[in-house]
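A.B. asks: What follows is a structure written as structure tokens; I'll ask about it next.
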Amino acid sequence: MSPSSPLAFDEQPRGAGLPGATEHIARVLHESGVDVPGSLYDEALALIAAGRLAPATDRLRMLLTLDPRDGEAALLLGKVLATRGLWQEALSQLDLAAAKGAEVPPEVRYEVEAQLRRTVAEQEAGRPRTADAASKELRSLKADAKRLRAENAMLEQQAEDLSRRVKLWSSATALIAGAAAALLLAAMVFRGPGAAPEAAGALAAAAPAANAAGVDAGAEAPSADAALPAGGEPPVAAPAAAPAMEPAGPSADPAPAAVPGAPVAKPVAKPAAAPAAKPAPKPAAKPAAKPAAKPAAAAKAAPGGTHVVAKGDTLGGLAARYYGDAGKAGKIRAANSDKLKGDKSLQVGMKLKIPK
């Protein structure tokens, strides 16, 4: 173990201890007249009689630590371990007891060896079952991974289709907006150069009346029926006044004779009366932007045949067409696993089986 390992033993000693502490303790206790091995052996027997095998095991291990040469304690420990089902360790303790001079009953050794062989056989028999269970779990994980890859491919295809539709709608919206702007510009051009000042003057004339009536600035212009007076007839514009002329008669002064070389005085025409303000015309209605036609949904077909892949076909689209559910694309992929191995995508002209 490297010194940098977290399990490195870097603890410091506590004092000037000498090796052989266990033997020293046993010797001191023996010199003091205390029979510790005998007391531990008797206590272990009492615990065994009470059915407390774990504390009895601890007492016997402590006894063998103080007196490693005690063969009877090793034999008793082997029996306790066999009773607890620890066959391998029990057989090791029986071998140690025989090596220390204790007489091990043959039936005890035979029973421990038989139980040990039975345990090993059960483990060997259970190993294929464990391996089979692990293999089944591995196959299930592989199937789940394959299914997830198929779902991921289907989701990527759907995301690509949605992105294409968004781009199509954006292009259609921009085209419609451009067409509307072109129509408005054409209307302004073909109405003549005076259309814009006339419309501006009409709006300026109608603004005070609209403000007086409490009409909002952004409200629609009043209709022709709303602009009629109480009588129900449109106001008639006053004719332009003719230039003022002197009445011809005997009392009128004759016109002065024209003097050669003198400038001729032109009659001064009185300014014509301003025409009455016309009701403000309605603003030209903007053509309503028609939404781009959505692609017609493919009619649902009956499954159970063969489908020839065309341009733009996807597994999700085929599942929606034949089953009414795009989430069943995995069913079509599974039926055509020989053609759609791995992440292979659809090819134009490919014949696919559509299972029922």
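A.B. asks: If contacts are Cα pairs under 8 angstrom and at least 6 residues apart, what is the relative contact order of segment 306-353 in percent?
C.D. replies: Details: 53 pairs, mean separation 24.7, N = 48.
Over segment 306-353, the number comes to 51 percent.
A.B. asks: Show me the GluC sites (Glu not before Pro) within segment 64-117 that DSSP assigns to loop and that have at most 16 other Cβ atoms within 10 Å of their Cβ.
C.D. replies: Values: sites: E72, E89, E103, E107, E111, E113; in loops: E103.
Here the GluC sites (Glu not before Pro) that fit, given the DSSP loop and packing criteria, are E103.
A.B. asks: Taking the Cα-to-Cβ direction at L185 and at D95 and moving 7 Å from each Cα, how far apart do the two end points lie in nm?
C.D. replies: Rounded to a tenth, the inter-label distance reads 10.2 nm.
A.B. asks: Can you pull out the chymotrypsin sites (Phe, Trp or Tyr not before Pro) in segment 6-108 whose DSSP state is coil and whose Cβ has at most 13 other Cβ atoms within 10 Å?
C.D. replies: Working: sites: F9, Y41, W87; in loops: F9.
Here the chymotrypsin sites (Phe, Trp or Tyr not before Pro) that fit, given the DSSP loop and packing criteria, are F9.
A.B. asks: What list of whole percents do you get for P(r) of segment 102-167, with Cα-Cα distances grouped in 10 Å bins up to the one holding the largest distance?
C.D. replies: Result, from short to long distances: 17, 18, 15, 14, 12, 9, 7, 5, 3, 0 percent.
A.B. asks: Quick check: residue separation of E113 and K142 times 0.36 nm, minus the Cα distance between them. What number comes out in nm? Mind showing how you got there, number by number?
C.D. replies: Numbers: separation 29, 0.36 × 29 = 10.44 nm, distance 4.30 nm.
Using 0.36 nm per residue and subtracting the Cα-Cα distance, I get 6.1 nm.
A.B. asks: Taking segment 21-104, how much of its Cα-Cα pair set, in percent, is spaced more than 18 angstrom apart?
C.D. replies: Working: 1444 of 3486 pairs.
The answer is 41 percent, as a whole percent.
A.B. asks: While we're on this one: Could you give the length gained by full extension between L162 and T306, i.e. 0.36 nm per residue of separation minus their alpha carbon distance, to one decimal place?
C.D. replies: Residue separation times 0.36 nm, minus the Cα-Cα distance, leaves 49.2 nm.
A.B. asks: Among residues other than I25 whose Cβ falls under 13 Å from its Cβ, what is the net charge (Lys/Arg +1, Asp/Glu -1)? Walk me through the numbers on the way to the answer.
C.D. replies: Details: positive: R27; negative: E23, E31, D67.
Charge balance in the 13 Å sphere: -2.
A.B. asks: Sum up the charges of everything whose Cβ sits under 9 Å from the Cβ of A44, counting Lys and Arg as +1 and Asp and Glu as -1, but leave A44 out.
C.D. replies: Numbers: positive: R59; negative: D42, E43, D58.
Spelling it out: positives minus negatives among the neighbours equals -2.
A.B. asks: For segment 88-96, what does the Karplus curve 6.51 cos²θ - 1.76 cosθ + 1.60, with θ = phi - 60°, yield as ³J(HN,Hα) per residue in whole Hz, taken in order and with x for Gly and Pro?
C.D. replies: 5, 5, 5, 5, 5, 5, 5, 5, 5
A.B. asks: Given K136/K331; K167/K311; K146/K356, which pairs have Cα atoms separated by over 20 Å?
C.D. replies: Among K136/K331; K167/K311; K146/K356, the Cα-Cα distance tops 20 Å for K136/K331; K146/K356.
A.B. asks: Defining a contact as two alpha carbons under 8 Å apart and six or more residues distant in sequence, what relative contact order in percent does segment 23-136 show? If you can, show how the numbers build up before the last one.
C.D. replies: Details: 101 pairs, mean separation 19.8, N = 114.
17 percent.
Taken together, the values in this text are just the output of simple stated rules run on the coordinates, not laboratory data. For clarity, every value in this text was computed on a predicted model and none was experimentally measured. Heads up, the Cβs are rebuilt from the backbone with ideal geometry, glycines too, and the neighbour counts pull from every protein chain shown.
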